[in-house]
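Beneath this line is the structure, given in structure tokens, with notes to follow.
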């Protein structure tokens, strides 16, 4: 089996639009969650979210913008950053052995929302000519492949909140199994349009705005946690076969050491300790690691009552005595829940933590919950030497994906 | 009609349950009301009673175990609303 390394990390996030700024904000415990003031947002019961400060005109000309839903814009910019950092990544690459795997939960949701508004809200019978091309779920992956002329496998995974962890895990496998030499893999999501947010509101999973401080509305693992806060953004990794990267002398962030995929199989939305634990166990086995090898767990940590207690129990079941010692944090407390892009953004956070020997905190955890009794790094970022890190992504539909990265 | 009777009527219509089973002691579990069904019910209760249920489904289900509990919870919401005090704590 060939080994797979990360040579580029691209990030467009509520905490900054490059990997270094993103991690700096995480380490400083800054929150990207704020009161939203976009179209119709005043009609939301809880008008908070984690938007990206992003001006499409800085990256694309007007004709191009008309072809790109916001989700594809964010994806393209993150991918270009990752490719730029992985210097020489495309040189000498057999284009048929280079691919793109992207995870997204909602796809081009802005185009869909705009289209419905035009038809039903305005009563018009004319939709924008490219509505199909903007809204199709595989647009981000397709655009990235076009931009970088990658002619190998191009797949879009949609497993709700684990979509992009799956995309990264599956892309790493393609390289490990010798079916590809280099891949761009990650996720993108743009769910802060009114229709998508209303749908989440109806499911009663969104946190109310914190009355004193909207930026503190997402409170993973806290007694007073009351739901998730939606965020938008994209994170893309360049994955390469290790020898190829080493021969080029490019900086290697980490090795993708393990990937575990397991399905709850019990309920559409209620998380299961056994399903989450199974994915963690499989990832450890894939990495040939023992629980004690994991130095940091980037938790799924959504801030819902259901997830955080179940995830805590699952971590304890898999890591045993080590669970009491290992730092576990939910960076969603700062960047919100990016749904299909969450797994990729959080894997990026975990890899950056690994490289810097710095564990980002869980923000807004002031009220402890007896059911959530791990070390959630609530007091602020912590400098810790790290050899390997785990990133958890669990989903509606029950598809649980866990990734492990090892220091290169 | 009492809150419980209105709630039972709503449940019979929403979930196509035999009204005979809809007694105050009936547990949500025995009626196969899980967290997703609860989201639908909360929506229907909000429409029918003109109240706002702010709680997450998991919080709501931690507190409301039986139909009698559910009716009592709705009564609290109605009372809180009448006082203009906002919603009852879940």
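Any read-out appearing in this document is the output of simple, stated calculations on the displayed coordinates, not a laboratory observation. Here the structure is a predicted model, which means the values were calculated and not measured. All Cβ positions, even for glycine, are placed from backbone atoms using ideal geometry, and neighbour counts span all protein chains on display.
Between residue B:65 and residue B:1, what's the calculated FRET efficiency when r is the beta-carbon distance and R0 is 25 Å? Round to 0.05. So the FRET efficiency works out to roughly 0.60. The alpha-carbon positions of segment A:4-248 define a convex hull whose volume is 137 Å³ per residue. In the frame of its principal axes, the protein assembly as shown has Cα extents of 79, 61, 42 Å, reported largest first. Its Kirkwood hydrodynamic radius, worked out from the mean inverse distance over all distinct Cα pairs, puts chain B at 13.0 Å. Summarised in one figure, the compactness ratio Rg/Rh of segment A:131-244, Cα atoms and Kirkwood Rh, is 1.08. Quotient of the Cα radius of gyration of segment A:28-145 and 2.2 N^0.38 Å, N being its number of residues: 1.28.
Its Kirkwood hydrodynamic radius, worked out from the mean inverse distance over all distinct Cα pairs, puts segment A:186-271 at 17.1 Å.
Our summary gives chain A a relative contact order of 24 percent, counting only alpha carbon pairs under 8 angstrom and 6 or more residues apart. Computed over chain A with a Gaussian network model linking Cα atoms closer than 10 Å, the most mobile of A:169, A:178, A:99 is A:178. Contact order, relative form, for segment A:260-406: 35 percent (alpha carbon pairs under 8 Å, 6 or more residues apart, mean separation divided by residue count).
Counted over segment A:260-406 with a bin width of 10 Å, the fraction of Cα pairs per bin, in whole percents, is 12, 48, 36, 4. Ellipticity at 222 nm from helices only: DSSP H runs of n ≥ 4 in chain A, each -39500 (n - 2.57), divided by the residue count, give -9500 deg cm²/dmol. Taken along its three principal axes, the alpha carbon spread of segment A:1-63 comes to 52, 38, 25 Å, from the longest extent down to the shortest. For segment A:23-74 versus segment A:287-312, the inter-centroid distance based on Cα atoms is 28 Å.
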